[in-house]
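Please read the structure below before turning to the comments.
The values are calculated or read from the model by the stated rules, or taken from the named source; none is laboratory data. Since this is a predicted model, take the numbers as computed values, not measurements. Here the Cβ positions follow ideal geometry from the backbone for every residue, glycine too, while neighbour counts run over all protein chains shown. Areas reflect the complete protein model, heavy atoms only, side chains present, ligands, DNA and RNA absent. Shrake-Rupley method; radii C 1.70, N 1.55, O 1.52, S 1.80 Å.
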Amino acid sequence: MKTNRLLAAAALVMAIGASIAGFLGDTNMTRPITSEQTEVPFLHGPSAGAVAGQSELASLESADEWINSPPLTASALRGKVILIDFWTYTCINWLRTLPYVRAWEEKYRDQGLVVIGVHSPEFSFEKDLNNVRRAAKDLAVDYPIAVDNGHLIWRAFNNQYWPALYFIDSRGRVRHHHFGEGSYEQSEKIIQELLAETGVDGFEREPVSVNARGFEAAADWDSLRSPENYLGYDRTQNFASGGKPVLDKPRIYEVPARLSLNEWGLSGSWTARKETAVLNKPNGRIAYRFHARDLHLVMGPAATGTSVRFRVLIDGQPPGAAHGIDIDEKGEGTVTEQRLYQLIRQPHPIVDRQFEIEFLDSDVEVFAFTFG
């Protein structure tokens with residue numbers, strides 16, 4: 001996506017968030033409060049088809065598993081205000097909304113708000129219940145989680161994006177939805193108005209304030225010129241190592257002498273699979289030309305319980321002060337589990353940079369680059 005389209009889309013989402021404020025004067029809220037559905041770079045997900053004859057809340061009964069809670073049902077939730085948060089644990093866009101969802105849950109839980117995180121996986125490894133449990137613990141997601149490996153709840157809501165918030169009143173009706181990042185004050189006002197409808201008052205009307213750090217910190221949108229990109233065969237773009245990768249066959253690749261902005265390449269022996277690229281021998285490299293404050297890579301060892309050492313360079317040098325939370329100033333780090341790794345958080349000024357990662361051991365799987 002070209003830069004002007006990227007910025008225009010981000011601005012559109014902010015405008016959509018602002019547009020709901022006009023409805024908040026009607027505390028009876030007799031009509032749904034909805035935001036338009038739009039394609040933007042920080043909204044992504046598979047298309048959904050509605051599940052015939054199944055209401056949104058009733059679909060919770062199709063969850064594969066519940067974490068942090070016994071199974072919740074529509075009848076048990078009657079009389080509660082509910083916030084449904086669709087997530088998948090490697091999604092950087094969801095991770096940047098998480099501090100607000102956690103803060104809302106803590107602030108309003110005693111007032112009658114129930115937050116339910118519906119974990120609908122994007123990658124195959126996100127279907128592993130042990131991975132989801134570990135991520136929930138590491139990310140301090142303490143509210144109820146419905147594991148939706150078959151995307152049945154996703155389809156019942158006709159959802160299409162991570163992240164997605166659905167605001168449900170005490171009678172079980174979806175009254176508002178918000179897709180993507182931002183509009184946090186407007187979303188909190190919706191929660192307050194739905195609670196007020198139930199007769200709850202006395203809560204602090206001032207919106208929550210969060211101190212987000214690491215990959216939960218808001219993106220530097222003004223400097224962002226690189227969209228998300230996948231490394232698997234099915235969805236990759238701008239691959240520069242000799243045409244499209246060869247599917248399911250080991251091949252030796254080389255990074256070209258020069259990469260244009262948002263192009264990437266492989267070096268060494270790799271096997272391209274549908275949703276990932278797998279390193280066959282040690283010392284394989286990935287190079288990526290990007291323009292953003294932050295660079296993240298979703299990756300993991302090919303075998304559970306193993307680890308893969310790596311080192312990162314930026315413009316041919318150790319990152320120093322530009323290192324992310326998962327590497328040191330020398331650019332050294334270790335892949336120990338399947339998750340999102342923050343590799344670069346650079347100080348200003350933000351310019352086009354060349355990122356390189358070399359894996360000192362084999363059998364690493366790389367899935368997607370995201371930026372912020």
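Points to keep in mind about this one:
- Total charge dipole magnitude, the stretch 212-330, about the Cα centre, Cβ charges on Lys, Arg, Asp, Glu only, Debye to nearest 20: 540
- Surface accessible to a 1.4 Å probe, residue 244 within the full protein complex, Å²: 110
- Short to long, the 5 Å bins of the Cα pair-distance histogram for the stretch 180-219 hold 6, 19, 23, 20, 14, 10, 7, 1 percent of all pairs.
- Seen against the Cα atoms of the chain and their longest principal axis, helix 92-108 is set at about 30 degrees.
- Whole-number Å³ per residue for the convex hull built on Cα positions in the stretch 67-165: 96
- Bridges between two residues of the chain, per DSSP, are antiparallel at a rate of about 80%.
- Per residue, the convex hull volume that the Cα atoms of the stretch 176-335 enclose (Å³): 182
- Debye equation applied to the C-alpha atoms of the chain, log10 I(q)/I(0) at 0.06, 0.09, 0.12, 0.15 Å⁻¹: -0.24, -0.53, -0.92, -1.32
- As computed over the stretch 273-372, the Cα convex hull volume per residue (Å³): 87
- Over the C-alpha atoms of the stretch 120-268, the Rg to Rh ratio, Rh being the Kirkwood estimate, stands at 1.06.
- Its Cα gyration tensor gives the stretch 53-94 an equivalent ellipsoid. The semi-axes, each the square root of 5 times an eigenvalue, are 21, 12, 12 Å from largest down.
- Sorted largest first by accessible area at a 1.4 angstrom probe radius, with every protein chain in place, the residues 249, 137 fall in the order 137, 249.
- Principal-axis analysis of the Cα atoms of the chain puts helix 129-138 at an angle of about 80° to the longest axis.
- Cα long-axis angle, helix 184-197 against the chain (0 to 90 degrees, to the nearest 10): 20
- For the chain, a crude dipole built from +1 on the beta carbon of Lys and Arg and -1 on the beta carbon of Asp and Glu, taken about the Cα centre, is about 720 debye to the nearest 20.
- Based on C-alpha pairs under 8 angstrom that are at least 6 apart in sequence, the chain has a relative contact order of 16 percent.
- In terms of its alpha-carbon gyration tensor, the stretch 235-319 comes out oblate; a/c meets the 1.5 threshold, while b/c is at least as large as a/b.
- Percentage of interatomic Cα-Cα distances in the stretch 321-372 larger than 14 Å: 57
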